[in-house]
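Report on the structure given below.
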Amino acid sequence: MATRTKTELAPKAKTDQDAKPAEPPRSFVAEWSVTILILIFGTSLVAQVMAIPTSSMHNTLLTGDHLIVDRLAYSPSGPISKYLLPYEDVKRGDIIVFRHPTLLQENYVKRVIGVPGDHIKLENRQLILNGHAVREPYVIHIFPFPDPYRDNFPAAPFEPAGDERMSDRAEQMLEHDVVNGELVVPPGHYFAMGDNRDNSLDSRYWGLVPRENIIGKPTIILWSYDAPTADLEDYTLHHFIDLGEHFFTKTRWSRTLNLIQGYPLQ
C-alpha cells in the first residue's frame, strides 16, 4: 500500500489568486443595457427616425409619416470611405433634413430648390430657375387666392410670417442676395421650399439654409399614422390613447416602407 509523503500530507499554502473572491457574473440586465446604449449611440450617428408634424411637404410627405433619415448621405468623404459609402453633394430637387437656422433644436424637412450660384424667382407661383420655367410635378397649391410675396418671390414686398429672428434673416437675404429681381444663392447656402407651396414656412420667410445645418436626407417611410400636428409635436397623452384605440385603422399601410426620392431640377 502506497504511503503519502510529508509534502503530500501538508496543506497547500493559499496564494493571492486563491484568496481573491470569485467575480460575480455580469447580470443579464446590465449586459443588455450596455448593448442597447451602444446600438442607440451607433445608429444615431448613421440614421435617425423623425416624424413629419405639419403639412408643408404634402403630398410628397404627409403629416404623420415617420421617416428614416440617412445621416451619412452628405458627409464629407475621406480617402478610403469615398469608395465604400455613397457620399454625394446636395443637389437641386433633393429632400433634406436640417436644423432650422433660428430654431436650432428643431429639425425641418424641405426640398432644395437652389444651390450656390443659382438664380431663383417665382412668377405667379411658377418657379423660374436660372432663367427658365421649371416643371415641378410634386408641388400642390391649396389656396385659390393669390398672395403677392408668396407667389412672386422676391419681387413683391416682404411679408413676415414668423418670429422676429426669422424675419430678420429673410430681410438680410433680400437685402444682400437679390440681384435684378432674382435671388442669387450665395456660397455655402441653399434655398429650400415645401412642396405644399401655399402653406410652407420656408426660405422665403426665414432665409437660406447654411450647409453646416444639413443633417441628411430621408430615405424611407418607416411608418405612417394619421394624427394631428399637436400630437406629433409633443407626443401627448391623447396621442398614446389614440394609438391604443386606432393603431390599425389610422395606420396608412400603403405608405409603409415607401422609398423617398428627390426630383432632378434643371
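The set of residues in the range 108-151 that are among the polar types (S, T, N, Q) and over 22 Å from residue 189 (Cβ atoms) comprises 124, 126.
Evaluation of residue 235 against the conditions (1) modelled with pLDDT of 95 or more; (2) within 24 Å of residue 99 (Cβ to Cβ); (3) surrounded by fewer than 17 Cβ atoms within 10 Å (Cβ to Cβ); (4) not charged (D, E, K, R) shows that the sole unmet condition is (1). For residue 139, the conditions (1) loosely packed, with under 14 Cβ neighbours inside 10 Å; (2) farther than 17 Å from residue 208 by Cβ; (3) within 26 Å of the chain's Cα centre (by Cα); (4) not basic (Lys, Arg) all hold with the exception of (1).
Could you please find all residues in the range 101-136 being among the polar types (S, T, N, Q), in a strand (DSSP E or B) and more than 21 Å from the chain's Cα centre (by Cα)?
126, the sole residue that qualifies.
Among the residues of the range 208-261, those identified as β-branched (Val, Ile, Thr) and either assigned to a loop (DSSP other than H, G, I, E, B) or in contact with a helix residue (DSSP H, G or I) (Cβ under 6 Å, 6 or more places away or on another chain) (or both) are 221, 236, 256, 260. Residue 177 meets the stated requirement of being free of Cβ contacts under 8 Å to residues at least 40 places away in the same chain, closer than 30 Å to residue 148 by Cβ and in contact with a strand residue (DSSP E or B) (Cβ under 7 Å, 6 or more places away or on another chain).
Scan the range 163-185 for residues that are outside any helix (DSSP H, G or I) and either surrounded by 15 or more Cβ atoms within 10 Å (Cβ to Cβ) or more than 27 Å from the chain's Cα centre (by Cα) (or both) and the total you get is 9.
The values are calculated or read from the model by the stated rules, or taken from the named source; none is laboratory data. Please read all numbers here as calculations on a predicted model, not as lab measurements. FYI the Cβ positions are ideal-geometry reconstructions off the backbone, even for glycines, and counts take in every protein chain you see.
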